Amino acid sequence: MRTLAFQRHFTVGLLLLTGLWLWAEPRWLQPQTYFGFRAVAMQYSGVIAIAAMSVAMILATRPRWLETPLVGLDKMYRLHKWLGITALGVSVVHWWLGQGSKWMVQWGWVTRGARPPRAAAPDQGVLQAWLGSQRHLAETVGEWAFYAVAVLLVLALVKRFPYKLFAKTHTWMAALYLALVFHSVVLTQFSYWAQPLGWLMLPLLLGGVASAVWVLAGRVGRSRQVRATVVARQEYPALKTLETELLVDAGWPGHQAGQFAFLTVDPKEGPHPFTMASAWDPATRRLRFVTKALGDHTGQLPALLREGQRVTVEGPYGRFDFGDGRSRQIWVGAGIGITPFIARLKQLARRPVPGTEIDLFHATTVLDAAAIEKLQQDARAAGVRLHVWVDGRDGLLDGERIRAQVPGWQQASVWFCGPAGFGRSLVQDFMARGLPSGAFHQELFEMR
């Protein structure tokens, strides 16, 4: 399953770092007192936490070269999220080993014991000696940066925290990351840098620092931005949906059906991701977005997006492009998740793919006659069988009902866009009945 690629990368990266750390750190094999264990565990947790933050910082710049191996920006952002959660969890352990151990001594839970006589310091180079002189400062900087990062990461995970405030405060993470890099470079066991662990950590830190500077300079996505003008709009009140057509200025590279873009209507609000509901035609340079009022910003779009309004479009992004080479496909678009399929229908109407057989299931709670008529026209023009599934009339759509409508589903691939819970239930259902692991494609359209 392509949507699980980010999980594999996450697991492999964690195992690789752990293996290299075990190779670099001989003390973990020795009998340990609590404080001997503490010293070793702080080094390990520090390495994992700063490595996770470094990769997350690199992903925050939306690098093009990682879109293909990570199967699209939506998967990259999911990996970014889990790297942040990992960094937070490991950092809490790291902090407790440092600060909590002092409290445990005061509470009488552990005994430090007599310190061994201090051995003569080995000859140190200039760099190692300088790093040693910065330890107290690095500990102080790291502690306060940790407190700030913990607060910001928790806020990022709270969906009720307004997106506009999340976007602004999350940018502060770049500055805090730079402080934590200083903390890590100074306090990491110096011998690590001359071993494979250090050879991996150094480019990660350098890439993270460069990415943090890029974020703070406001350069993320700038090279992929173009201006556009709203030329048409139509509201569907029953669906709480707005269809907007834009005329993009020169510079838009074109896009594949199923991709998305970041749309900035109000600079104070910042960019929001929306799937494009149109195929690309360089002769007309038109983009169409279908947006649903699911929050504060999307609820305000009907008032903000007026004909003649100038906006900024950034992209295209995503790998939900229907390009798996299978001639039999099942599409499932639930609610506003129908958007990428509308784009593909329009593309197939202009450029049919001979020998393809497609069933499109559109699950909705509200039946809007005008919207359904447009969808039926697009499906007929593209030669796609359309199944409109209204929850109150037909019951909830599930894998069994889909398979009953599609003979030969075993040879098909499934493309899903819609609520995450619905997607999880469908993939489990189809996999349990033998659908190949690489035949289920899902857009993970959650950017936080």
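The values are calculated or read from the model by the stated rules, or taken from the named source; none is laboratory data. Worth saying up front: this structure is predicted, and the values here are computed from it rather than measured. Cβ coordinates were reconstructed from backbone atoms using ideal geometry, including for glycine residues, and neighbour counts include every protein chain displayed. Surface accessibility is based on the protein's heavy atoms, side chains included, excluding ligands, DNA and RNA. Shrake-Rupley method; radii C 1.70, N 1.55, O 1.52, S 1.80 Å.
Step by step: first the residues of segment 293-311, then only those that are under 23 Å from the mean Cα position of the chain (by Cα) and over 24 Å from Trp252 (Cβ atoms), then the one that is modelled with the highest pLDDT. Which residue is that?
Looking at the filtered set, the residue picked out is Ala293.
Would you check which residues across segment 228-251 are surrounded by fewer than 16 Cβ atoms within 10 Å (Cβ to Cβ) and under 12 Å from Val311 (Cβ atoms) and list them?
Once the filter is applied, which keeps residues that are surrounded by fewer than 16 Cβ atoms within 10 Å (Cβ to Cβ) and under 12 Å from Val311 (Cβ atoms), segment 228-251 yields Thr229, Val231, Leu247, Asp249.
Taking the conditions exactly as written (crowded, with 19+ Cβ neighbours inside 10 Å, closer than 27 Å to Ala179 by Cα, over 14 Å from the mean Cα position of the chain (by Cα) and not aromatic (Phe, Trp, Tyr)), does Ile58 satisfy them or not? Explain how you work it out, then say what you get.
Details: crowded, with 19+ Cβ neighbours inside 10 Å: yes; closer than 27 Å to Ala179 by Cα: yes; over 14 Å from the mean Cα position of the chain (by Cα): no; not aromatic (Phe, Trp, Tyr): yes.
Taking the combined requirement at face value, the residue does not satisfy it.
Please find, among Ala343, Ala283, the residue that is free of Cβ contacts under 8 Å to residues at least 24 places away in the same chain, closer than 24 Å to Arg224 by Cβ and either in a helix (DSSP H, G or I) or open to solvent by 30 Å² or more (accessible area, probe 1.4 Å) (or both).
On the way: Ala343 fails: free of Cβ contacts under 8 Å to residues at least 24 places away in the same chain.
From the options Ala343, Ala283, the qualifying one is Ala283.
Being open to solvent by less than 20 Å² (accessible area, probe 1.4 Å) and in a helix (DSSP H, G or I) is the filter here, so list the residues in segment 437-446 that pass it.
Listed by number, the list holds a single entry, Ala439.
So which residues in segment 287-311 are surrounded by 17 or more Cβ atoms within 10 Å (Cβ to Cβ), part of a strand (DSSP E or B) and of a type outside the set (A, V, I, L, M), if there are any at all?
Arg288, Phe289, Thr291, Lys292
Identify all residues within segment 406-424 that are under 30 Å from Leu294 (Cα atoms) and open to solvent by less than 60 Å² (accessible area, probe 1.4 Å); write none if there are none.
Within segment 406-424, Ser413, Val414, Trp415, Phe416, Cys417, Gly418, Ala420, Gly421, Phe422, Gly423 meet the criteria.
Could you say which residue among Gly333, Gly355, Gly434 is touching a residue at least 40 places away in the same chain (Cβ under 8 Å) and either closer than 30 Å to Leu153 by Cα or not in a helix (DSSP H, G or I) (or both)?
On the way: Gly355 fails: touching a residue at least 40 places away in the same chain (Cβ under 8 Å); Gly434 fails: touching a residue at least 40 places away in the same chain (Cβ under 8 Å).
Unique residue meeting the criteria: Gly333.
Could you count how many residues in segment 358-367 are hydroxyl-bearing (Ser, Thr, Tyr) and either in a helix (DSSP H, G or I) or open to solvent by 50 Å² or more (accessible area, probe 1.4 Å) (or both)? Before the answer, list the steps.
Here is the first cut: in segment 358-367, the ones hydroxyl-bearing (Ser, Thr, Tyr) are 364-365.
In the following step, the residues that additionally are either in a helix (DSSP H, G or I) or open to solvent by 50 Å² or more (accessible area, probe 1.4 Å) (or both) were identified as 365.
Of the residues in segment 358-367, 1 are hydroxyl-bearing (Ser, Thr, Tyr) and either in a helix (DSSP H, G or I) or open to solvent by 50 Å² or more (accessible area, probe 1.4 Å) (or both).
In segment 5-44, which residues are surrounded by 12 or more Cβ atoms within 10 Å (Cβ to Cβ) and of a type in the set (Lys, Arg)?
Scanning segment 5-44 gives Arg27, Arg38.
Answer yes if at least one residue in segment 50-61 is touching a helix residue (DSSP H, G or I) at 6+ places or on another chain (Cβ under 6 Å), more than 21 Å from Val93 (Cβ to Cβ) and part of a helix (DSSP H, G or I), and no otherwise.
Yes: one or more hits.
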